[in-house]
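Here the structure is laid out as structure tokens; the discussion comes afterwards.
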């Protein structure tokens, strides 16, 4: 099957790089469109063809996959001059794998479907590490026949693929997951800080939590980060703010009360105001510790007891 589908990939960023590399390594013909030279260098060196434009990308592909940052980039990719709505041909498949709003996604479908272009919404759950290991989960909605056609490509970087329906179901499920992920950081940070006040060690608390009824792969994945206090970003506060804006926008449009999500969004806003925008979103734990006066000794010594 790997010799039958030609894949075009738009957007070789943090997630797109390991995902596209696995597609290439599985033997699929791969061409890439990525304006940032540093981003595309490694995949081109590994054997992918470089497409200088979206027109050139579409000309060499049966399926075009996009991994891009947000609604604005998706709009430019599809509707800008020389965009995919102009250059894709009937019978081709467009797979968009980012976290974007359901309404922006529906707008893309309205433009592509009448032209005979199958549009799959296929956001992923997982990290760059799980992408590199081929263990992402992919949520897919759109034409089922197109999903079955591209599933061998998706299987290169995913362990599980869930087909959810013909419309925007995958977009909504991705927002559901991210609401839970973002809220986990807020609630866990708050709870761990309470435990520190009760003279519990961080290591003991996490050991018990990871073997308890509230254990989760997310907490286990973030355990070392919480213990070390090194919040180098796998997914930043600023990125989580963007996702919560999408969550709350969809909730407003669909008249869904989301009290807790609204509060969590403000907690990320406070982290942003504290200069933590580029830290991993689990840095909320550090913020809670500061508010409660239980920062680690080394931080206290550097800042001083009266640091502002």
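The values are calculated or read from the model by the stated rules, or taken from the named source; none is laboratory data. All values reported here derive from a predicted model rather than from experimental measurement. Here Cβ is always computed from backbone atoms with ideal geometry, including for glycine, and neighbour counts include all displayed protein chains.
Checking each residue in the stretch 223-242 for being in contact with a strand residue (DSSP E or B) (Cβ under 8 Å, 6 or more places away or on another chain) and either without any contact (Cβ under 8 Å) to a residue 40 or more places away in the chain or surrounded by 15 or more Cβ atoms within 10 Å (Cβ to Cβ) (or both) picks out 225, 231, 233, 234, 235, 236, 237. Can you name the residue in the stretch 112-163 that is surrounded by 15 or more Cβ atoms within 10 Å (Cβ to Cβ) and on the phi > 0 side of the Ramachandran plot and is also farthest from the chain's Cα centre (by Cα) among such residues? Per the stated criteria, the residue is 142. Scoring residue 122 on the criteria (1) more than 22 Å from residue 28 (Cβ to Cβ); (2) in the same structural domain as residue 68 (by TED's automatic domain parsing); (3) at pLDDT 95 or above; (4) in contact with a helix residue (DSSP H, G or I) (Cβ under 9 Å, 6 or more places away or on another chain) leaves a single failure, condition (1). Taking the criterion of being surrounded by 17 or more Cβ atoms within 10 Å (Cβ to Cβ), more than 23 Å from the chain's Cα centre (by Cα) and part of a loop (DSSP other than H, G, I, E, B), the residues of the stretch 27-56 that qualify are 28, 48, 51.
Could you please let me know if residue 59 is at pLDDT 95 or above and in contact with a helix residue (DSSP H, G or I) (Cβ under 6 Å, 6 or more places away or on another chain)? Answer is no for this residue. Any idea which of 50, 30 is without any contact (Cβ under 8 Å) to a residue 40 or more places away in the chain and over 21 Å from residue 152 (Cβ atoms)? Checking each option against the conditions leaves just 50. Annotation note: Cβ proximity below 7 Å between a residue of the stretch 168-193 that is more than 14 Å from residue 235 (Cβ to Cβ) and a residue that is modelled with pLDDT under 95 and not in a helix (DSSP H, G or I) (sequence gap 6+ or interchain) occurs for 193/294. For the stretch 285-297, the count of residues that are under 19 Å from the mean Cα position of the chain (by Cα), at pLDDT 95 or above, assigned by TED's automatic domain parsing to the domain that holds residue 202 and buried (at least 19 other Cβ atoms within 10 Å of the Cβ) is zero.
Apart from one condition, residue 5 fits all of (1) in contact with a strand residue (DSSP E or B) (Cβ under 7 Å, 6 or more places away or on another chain); (2) modelled with pLDDT of 95 or more; (3) on the phi < 0 side of the Ramachandran plot; the exception is (2). Residues in the stretch 164-176 that are surrounded by fewer than 17 Cβ atoms within 10 Å (Cβ to Cβ) and under 23 Å from residue 110 (Cα atoms): 3 in all. Residues in the stretch 243-264 that are closer than 16 Å to residue 284 by Cβ and under 17 Å from the mean Cα position of the chain (by Cα) were compared, and the one that is surrounded by the fewest Cβ atoms within 10 Å (Cβ to Cβ) is 243. When residue 139 is tested against (1) within 22 Å of residue 178 (Cβ to Cβ); (2) part of a helix (DSSP H, G or I); (3) touching a helix residue (DSSP H, G or I) at 6+ places or on another chain (Cβ under 7 Å), only condition (2) is not met.
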